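The values are calculated or read from the model by the stated rules, or taken from the named source; none is laboratory data. Note that the coordinates shown come from a computational prediction; the quantities given were computed from them, not determined experimentally. Cβ placement follows ideal geometry from the backbone for every residue including glycine, while neighbour counts extend to all protein chains displayed.
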Amino acid sequence: MRDAWAETLIDLAGDNPDLLVLDADLGTSTRADRFAVAHPERFLQMGIAEQNMVGVAAGLATLGYVPWLSSFAVFLTHRAADQVRMLVAQTHANVKIGAAYSGLLTGFTGKTHQDVEDLAIMRAMPGMTVIAPGDATECSAAVRWATATSGPVYLRLARDAGPDLFDDSYRFEPGRVIRLREGSEVLIVSTGTQSARSLAAAEILGSQGISAGVVHVPCLKPVDAEAIAAAARGVRLVVTAEEHTILGGLGGLVAEILGEHEPRRLVRIGISDAWGESASNAFLLERHGLSPERVAERVALELARVDGIAGEAG
Amino acid sequence: MPVTPRPDVAAEIDLEAIARRGRQLVIESVAHSGAGHIGGPLSAMDLLVALYFRVLRIRPDETDWPERDRFILSKGHSSIGLYAVMALRGYFPIAELATFDSGDSRLQGHPDMTRLPGLEASTGSLGQGLAVGVGIALGARMRGLGFHTFVMLGDGETQEGMVWESVMVAAKYGLGNLTAIVDCNGLQQYGWPLAPGEGGRGDRRDPLAGTHLRAALEAFGWRVLEIDGHDPEGIVAACDQARDAAGTVRPTAILATTVKGRGLSFTEGRFEWHSRVATADEAAAARQELGAAGETEA
């Protein structure tokens with residue numbers, strides 16, 4: 001996904017002289033170094049100083065530039081939260097936040113670097129568009145859309161390559177939710193690279209005779225709430241799955257939507273009010289119940305519980 | 001008093017008289033709204049007046065003029081001082097100052113660039129304005145625009161770590177077209193008490209006591225000018241000198257020594273006037289001290 005981010009920016013910069021990349025000394029990790037080679041005059045090294053970088057981007061945006069920030073998500077949404085809030089979100093600055101190494105799977109860096117609160121923080125900021133692409137193709141499309149659209153955008157990027165969900169015909173539309181799989185009994189709502197794992201979980205459930213649908217939410221803000229509510233109608237259980245805390249991210253979003261539009265039982269799968277640790281991806285996905293097997297297991301369990309309650313009530 | 005002086009009459013403008021009027025508007029506006037800051041706007045008033053009436057190349061009736069100089073008030077809590085000067089300079093009617101701090105007003109408690117044309121940044125959370133100035137100065141150079149960017153900080157504000165990120169990056173990029181003006185008024189909101197026998201420029205310890213701001217900035221590669229922040233001609237001269245350095249690779253810092261609450265006998269050097277509202281009696285006293293002088297100029 002980070003490769004797609006960098007390659008798309010390199011491509012776009014050919015036609016867009018205003019596109020800039022500002023890096024807080026992590027370009028070799030975020031892949032901004034490739035942009036620096038391709039367009040050296042439009043790559044601005046800002047040093048290990050994320051707060052200033054956000055301010056510089058806001059200043060550049062007033063002159064018509066389209067600055068993309070390159071750093072780890074945690075340093076943009078936490079260390080520079082105040083700067084993003086006042087200088088970017090509150091002024092509706094045309095700054096694009098390329099938040100690399102988001103979520104749990106950050107290459108053995110541990111809880112200091114695992115940003116599992118970013119969606120909750122960014123979603124709470126008025127005017128901020130919040131995107132968590134599911135694969136490299138969607139990431140590339142989101143980068144194109146964000147570059148061409150005025151206003152602040154937060155783009156959640158995954159470190160490691162994952163399965164492809166979409167082909168080249170994909171076009172990003174803000175707010176759109178995407179049906180990945182039909183299913184009549186349970187609906188799994190998912191975002192970011194977790195969506196591929198959620199889809200795999202639905203396949204496992206299918207092999208067990210449970211019909212599970214999957215809806216992918218690449219854009220948490222704005223979002224088509226009605227589409228999520230509609231997808232939830234008719235199923236016996238709604239589950240959210242995200243590589244993020246269950247507080248305030250996708251789980252929070254869906255809880256809000258269902259609470260207002262379609263009250264029903266909801267189970268939120270994600271990091272359950274805990275911190276991560278440095279470990280292999282497989283370990284982390286298992287520990288936090290995010291691997292396809294663990295998601296399938298939990299869904300089957302919760303569905304049985306819902307049916308049990310319904311049986312007792314009946 | 002002319003509110004929109006033309007450049008050819010600039011030299012005849014009585015900056016001190018305008019500053020007295022500005023101070024009066026600060027006291028009145030804060031008293032009217034029932035909230036706001038006094039000490040900082042008054043310490044910065046002579047700097048703001050010199051900037052807006054002599055230094056800055058601006059067009060109050062064309063706030064999006066691409067070649068305009070940029071000014072950012074990083075110490076955003078001194079907003080009413082900036083608004084008073086902008087009103088006197090003709091950006092908006094002086095009567096609009098009565099809306100300061102009220103709902104739907106363009107004159108928010110802290111400067112909001114999305115509401116008031118002429119503001120180059122939104123500020124309020126301290127330490128952030130210089131970074132925006134760095135971005136503007138860098139962008140100006142990349143765009144080939146010759147304007148100068150001025151950012152005003154408070155001395156207490158330099159306690160924010162982010163300021164030093166910006167100081168470093170401005171020097172790395174050799175932004176000679178960037179000038180930071182530090183309103184060194186010697187007091188912050190609460191700060192530290194003076195030790196027995198210790199002298200200060202106010203009734204609390206100087207925010208920079210024990211810190212050599214000049215040496216620190218010079219060590220980062222900045223050129224530093226030190227001036228009396230209440231001497232209009234000295235301010236103009238220093239700003240002109242800073243602008244003349246635009247072709248060099250060193251950003252300039254102007255350390256302006258000021259007095260917090262300057263201009264009123266009962267606010268000068270008193271930390272509690274950081275964000276106090278004048279009582280009716282105090283407002284009357286302020287009118288007495290400033291008003292009479294102001295009226296003789298009219």
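A few points about this structure:
- Filtered by the rule that a residue be of a type in the set (Ser, Thr, Tyr) and touching a strand residue (DSSP E or B) at 6+ places or on another chain (Cβ under 6 Å), the range B:163-205 gives a lone residue, B:THR179.
- Consider the range B:140-157 and keep the residues that are touching a strand residue (DSSP E or B) at 6+ places or on another chain (Cβ under 9 Å) and within 12 Å of another protein chain (Cβ to nearest Cβ). The one that is nearest to B:ILE254 (Cα to Cα) is B:VAL151.
- Test: residue in the range A:8-26 that is touching a residue at least 60 places away in the same chain (Cβ under 8 Å) and touching a Cys at 6+ places or on another chain (Cβ under 8 Å): yes
- Residues that are in contact (Cβ under 8 Å) with a residue 60 or more places away in the chain, in contact with a Lys or Arg (Cβ under 8 Å, 6 or more places away or on another chain) and buried (at least 18 other Cβ atoms within 10 Å of the Cβ), drawn from the range A:257-277: A:GLY276
- Subset of the range A:55-65 (residues that are more than 7 Å from chain B (Cβ to nearest Cβ) and buried (at least 24 other Cβ atoms within 10 Å of the Cβ)): A:ALA61
- Residue identified as touching a residue at least 40 places away in the same chain (Cβ under 8 Å), exposed (fewer than 13 other Cβ atoms within 10 Å of the Cβ), polar (S, T, N, Q) and not assigned by TED's automatic domain parsing to the domain that holds A:ALA73 among A:SER280, A:SER291: A:SER280
- From B:LEU48, B:LEU116, B:LEU107, residue being in contact (Cβ under 8 Å) with a residue 24 or more places away in the chain, part of a loop (DSSP other than H, G, I, E, B) and buried (at least 24 other Cβ atoms within 10 Å of the Cβ): B:LEU107
- Selection status of B:THR158, in contact with a Cys (Cβ under 8 Å, 6 or more places away or on another chain), touching a residue at least 24 places away in the same chain (Cβ under 8 Å) and buried (at least 17 other Cβ atoms within 10 Å of the Cβ): no
- Restricting attention to the range A:77-95, the residues being within 28 Å of A:ASP15 (Cβ to Cβ) and away from every other protein chain (no Cβ under 14 Å) number 0.
- Wholly within the range A:1-118, helices (runs of 4 or more DSSP H) carrying at least 1 residues that are among the aliphatic types (A, V, I, L, M) and in contact with a strand residue (DSSP E or B) (Cβ under 7 Å, 6 or more places away or on another chain): A:2-15, A:32-38, A:50-61
Here's the yes/no breakdown for (1) farther than 20 Å from B:GLU157 by Cβ; (2) within 21 Å of the chain's Cα centre (by Cα); (3) of a type outside the set (Val, Ile, Thr):
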{"site": "B:GLY199", "(1), (2), (3)": "yes, no, yes"}
{"site": "B:GLY202", "(1), (2), (3)": "no, yes, yes"}
{"site": "B:GLY229", "(1), (2), (3)": "no, yes, yes"}
{"site": "B:ASP244", "(1), (2), (3)": "yes, yes, yes"}
{"site": "B:ILE254", "(1), (2), (3)": "no, yes, no"}
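- Restricting the first member to the range A:151-177 and to residues that are outside the structural domain of A:PRO133 (by TED's automatic domain parsing), and the second to residues that are exposed (fewer than 15 other Cβ atoms within 10 Å of the Cβ) and not in a loop (DSSP other than H, G, I, E, B), the beta-carbon pairs closer than 9 Å and six or more apart or on different chains are A:ALA161/A:ASP3.
- A single member of A:ALA93, A:ALA148, A:ALA132 is under 13 Å from the mean Cα position of the chain (by Cα) and either at pLDDT below 95 or closer than 30 Å to A:GLY59 by Cβ (or both), and it is A:ALA132.
- Members of the range B:121-138 found to be at the interface with chain A (Cβ under 7 Å from one of its Cβ atoms) and surrounded by 23 or more Cβ atoms within 10 Å (Cβ to Cβ), listed by number: B:SER122, B:GLN128, B:ALA131, B:VAL132, B:GLY133, B:VAL134, B:GLY135, B:ILE136, B:LEU138
- Only one of the listed residues (A:SER207, A:SER184, A:SER195) is among the small types (Gly, Ala, Ser), touching a Ser or Thr at 6+ places or on another chain (Cβ under 6 Å) and at pLDDT 95 or above. That residue is A:SER184.
- Residues that are under 23 Å from A:ALA304 (Cβ atoms) and in contact (Cβ under 8 Å) with a residue 24 or more places away in the chain, drawn from the range A:243-256: A:ILE246, A:VAL254
- Subset of the range A:119-146 [part of a helix (DSSP H, G or I), free of Cβ contacts under 8 Å to residues at least 40 places away in the same chain and of a type in the set (Gly, Ala, Ser)]: A:ALA141
- Among all residues of the range A:156-165, there is at least one that is outside any loop (DSSP other than H, G, I, E, B) and either touching a strand residue (DSSP E or B) at 6+ places or on another chain (Cβ under 9 Å) or not polar (S, T, N, Q) (or both).
- Residue within the range B:89-100 that is more than 10 Å from every other protein chain (Cβ to nearest Cβ), in contact (Cβ under 8 Å) with a residue 60 or more places away in the chain, touching a Phe, Trp or Tyr at 6+ places or on another chain (Cβ under 7 Å) and assigned to a helix (DSSP H, G or I) present: yes
- Single match in B:VAL182, B:VAL151, B:VAL169 (criterion: farther than 15 Å from B:LEU225 by Cα, β-branched (Val, Ile, Thr), surrounded by 24 or more Cβ atoms within 10 Å (Cβ to Cβ) and in contact (Cβ under 8 Å) with a residue 24 or more places away in the chain): B:VAL169
- Selected residue (only one of B:LEU178, B:LEU217, B:LEU213, B:LEU194 is in contact with a Gly (Cβ under 7 Å, 6 or more places away or on another chain) and within 23 Å of B:ASP240 (Cα to Cα)): B:LEU178
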